[in-house]
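Read the structure below first, then the notes.
Derivation of every value follows stated rules applied to the coordinates shown; laboratory data play no part. Every value quoted in this text rests on a predicted model; they were computed, and no experiment measured them. Reconstructed Cβ throughout: ideal geometry from the backbone, glycine too, with neighbour counts over all protein chains shown.
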Amino acid sequence: MKRFMLKCVLICGALFIGVLMGMQKANVGMVEMKGYHDDSFKSPLTIEEKGDGEVEASVLGKNISSHDLDKKNEKIKEIQAFNFFSSLGKSMANIISSITEKVIQLISSFI
């Protein structure tokens, strides 16, 4: 099962990279076909390095930076602050483990 999932993830990653490469090739072809550079044809994937060493990436026109990822991570933590099923599962696990522990202690006291 692990190998299957690994293969699926690798294949999906390779296909995604292939799609991005195809979009880049199509962009270059559109510019060459038109005959001049037009700013309305933007590259689907751009990576720029700033002078202070930070790297800024843009995918399909949306800027992505590490600060955005930190904000999204905090937002996800806030959203997942209370999950009813998660808390229910944790409480059931605690109850079952305590019951099992007491049964084992009871059996070991007879032996």
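By how many nm would the segment from Ile79 to Leu60 grow when fully extended, if each residue of separation counts as 0.36 nm and the alpha-carbon distance is taken off? Mind dumping the intermediate values first?
Values: separation 19, 0.36 × 19 = 6.84 nm, distance 2.68 nm.
Separation in residues times 0.36 nm, less the Cα-Cα distance, equals 4.2 nm.
With each label point set 7 Å from Cα along the Cα-Cβ vector, what nm distance links Val31 and Leu6?
Going from the Val31 label point to the Leu6 one covers 3.9 nm.
Multiply the residue separation of Met21 and Thr46 by 0.36 nm, subtract the distance between their alpha-carbon atoms, and state the gained length in nm to one decimal. Please report the intermediate quantities before stating the final value.
Working: separation 25, 0.36 × 25 = 9.00 nm, distance 1.19 nm.
Computed gain between Met21 and Thr46 is 7.8 nm.
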